[in-house]
Amino acid sequence: MKNIAAYIALNRFGLGVAPGEADAVEADPRGWIRDQIVPRQEVPVGLSSFPGAASIMKEIHEARLESPEALNETASRHYRESFGPETAARARHAVGTDTPFAERMVLFWSNHFTVSRSKAIVGPALPAYEREAIRPHVFGRFKDMLLAVAGHVCMLSYLDNNMSFGPNSRVGRRSGRGINENLAREILELHTLGVNGGYRQADVTEFAKALTGWTHGGMVGPGKSRPVSGGFVFRRWMHEPGPKTVLGKVYPEGGIDEARSIMRDLASHPSTARFVATKLVRHFVADDPPEPEVARIAHVFLESGGDLAEVSRALVDLDVVWRHPIPKVKTPYELVISALRALGIGEVTAQSLGVPLQTMGQLPFNAPSPQGWPDEADRWIAPEALLRRIEWLRAIAVRAGTSEPPGALLERTLGPVASAETRRMVDLAPSGDAGVALVLASAEFQRR
C-alpha cells in the first residue's frame with residue numbers, strides 16, 4: 001500500500017487492513033467509505049440466528065420469580081449460550097466484513113449509548129441490545145436511535161427506570177415509592193445535550209416524571225397471574241400524571257408520548273448537535289477536537305435533522321482527517337480486531353477474544369460506567385498497558401504462523417506510515433515470526 005489516503009480510510013474509518021483490501025481502496029478511498037453509508041443496515045448473517053433481548057430477559061425474569069438459584073442458573077446459561085457466542089460472532093463479523101466503516105459506527109454508537117454488564121441481570125442480552133437498538137440506526141436518524149435505546153429493556157434495567165414510580169401515580173400514592181432519575185439524567189448528560197448543554201436539575205426531575213411507566217414485562221411480583229414478558233411495557237399505573245416542563249417547554253399529559261416528544265426535541269437541540277459532533281470529531285480527528293471541525297459537523301447534524309448518513313458523509317469530507325495519518329491510539333478492541341484482520345485470522349471464539357481483552361482492560365460490553373469507554377490515548381497506553389498489548393501481539397504472531405514475509409506484511413498494513421526505524425527493525429528480525437510481531441507491535445500499527 002503506497003497511498004496514504006487509502007491507509008487513513010482503512011484504519012481511521014475502517015478496522016485495519018485485511019489481505020487484499022488495499023487494492024480495492026487505493027483508487028478512491030473516500031468513495032470506498034461513502035459506499036458503505038447505507039441508511040438501512042441489515043443484521044449480518046452471522047448475527048441473525050441469536051435470540052432477541054426480550055426472549056432472553058423473559059427467561060431470566062421467570063427464573064427470578066422462581067428463586068435466586070434459578071436466576072443464577074438461567075443467567076449463567078445465557079452468558080454461555082447467548083452472550084459468549086454472539087460476542088464472538090460480532091468479532092468474527094468485524095474481522096471479515098467488507099464494510100468496516102459501518103461496523104466502526106456500530107462500535108461508536110454502542111459506546112455512546114453504553115449499557116454495561118456491570119448490571120449483571122441484563123448482561124446476557126447486551127449483544128442483542130446492540131443488534132436491535134444500535135445497529136439498524138447507525139446511518140439513520142439520531143432521534144430514532146435515541147428512542148430505540150431509551151425504550152429497550154436493557155437500558156431501562158441498566159439505569160433502573162423499571163423502579164421509577166410517579167409519586168402521584170396509582171402505585172406511588174399507595175406505596176410511597178418515588179422517581180428514579182438515572183435514565184433521565186443520563187439521556188440529558190451523556191446521550192443528548194451534554195453536561196454543559198443548558199439543562200438544570202428541575203429539567204432532570206420533570207423528564208424523569210415523563211419517563212415513569214417506561215418499564216418492561218418482567219416487573220411482576222411473586223404469585224401474580226400476569227404473564228412475564230421480557231420486552232418494553234408502558235405501565236400507566238406507574239406514570240406520573242399531569243403536564244411536565246423540560247427546557248422551558250410544557251408537555252401536556254400524554255402518557256407514553258410525553259417522553260417520546262421530549263426526546264424528539266432533545267434530538268434536534270443545538271446542544272445535542274454540538275455534543276455529538278464533539279464526540280465524533282474526537283473519534284475521527286484528534287483527542288482534542290478542533291473547533292472548526294466540531295462546528296462543521298454540528299451544523300450538518302442540525303441542518304439534516306440528525307441524519308447520521310449525512311453526518312457520516314460530512315466526517316469523510318473533513319480535510320483535516322486526511323492530513324494526519326495516525327493521530328489516534330487504538331483501543332484494545334480495535335487493536336485485537338485490526339491484528340486479526342491483518343493476519344487473516346477469521347476464527348474467533350469467546351475465549352480467544354475475551355482473554356486478551358480482559359488482560360488489556362476492555363472486555364466487550366463491560367464499560368465501567370454509563371459514560372462508556374474513553375476515546376483518548378492516555379487511557380490506553382500507560383506503560384503496563386502497553387506491555388500487555390505487545391505481549392499479546394507477539395503471541396498472536398507466533399500462533400498465526402503466517403507464510404507472508406514480514407516485509408510484505410509491513411508494506412500491506414503500514415506502507416506509507418512505516419518509519420525508517422520500524423522498517424530497519426523488521427528487516428533485522430531473526431525470524432519470520434519475530435518480524436511479524438515487530439510489525440504488529442510497532443507504534444504505527446497501534447495507532448489509527
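Taken together, the values in this text are just the output of simple stated rules run on the coordinates, not laboratory data. Keep in mind the model is a prediction, meaning the values are calculated, not measured. Glycine also receives a Cβ, built like all others from the backbone with ideal geometry; neighbour counts cover every protein chain displayed.
What the table shows:
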{"read-out": "Eligible lysines near LYS209 by straight Cα distance, threshold 30 Å, same-chain separation 8 or greater", "value": "LYS58, LYS119, LYS143, LYS224, LYS244, LYS249, LYS279"}
{"read-out": "Net charge over other residues, Cβ less than 14 angstrom from the Cβ of ALA259 (K, R count +1; D, E count -1)", "value": "0"}
{"read-out": "Relative contact order [Cα under 8 Å, 6+ residues apart], the chain, whole percent", "value": "21 percent"}
{"read-out": "Reach of LYS2 by Cα under 12 Å, taken over aspartates and glutamates that are not fewer than 8 positions away in the same chain", "value": "ASP23, GLU26, GLU411"}
{"read-out": "Relative contact order of the stretch 159-267, defined on C-alpha pairs under 8 angstrom at six or more residues apart (%)", "value": "27 percent"}
{"read-out": "Matching label, Cα extents along the principal axes in Å computed from the structure shown, candidates [x] 144, 56, 41; [y] 77, 51, 37; [z] 71, 51, 39", "value": "[y]"}
{"read-out": "Relative contact order of the stretch 92-145, pairs being alpha-carbon contacts under 8 Å that are 6 or more residues apart, as %", "value": "31 percent"}
{"read-out": "Helix-derived mean residue ellipticity, 222 nm - over the chain, DSSP H n ≥ 4, -39500 (n - 2.57), to 500", "value": "-14500 deg cm²/dmol"}
{"read-out": "Of ILE297, ILE134, ILE345, the one that fluctuates the most in a GNM where the chain has Cα springs shorter than 10 Å", "value": "ILE345"}
{"read-out": "In degrees, nearest ten, helix 432-441 long axis to first principal axis of the chain (Cα)", "value": "50 degrees"}
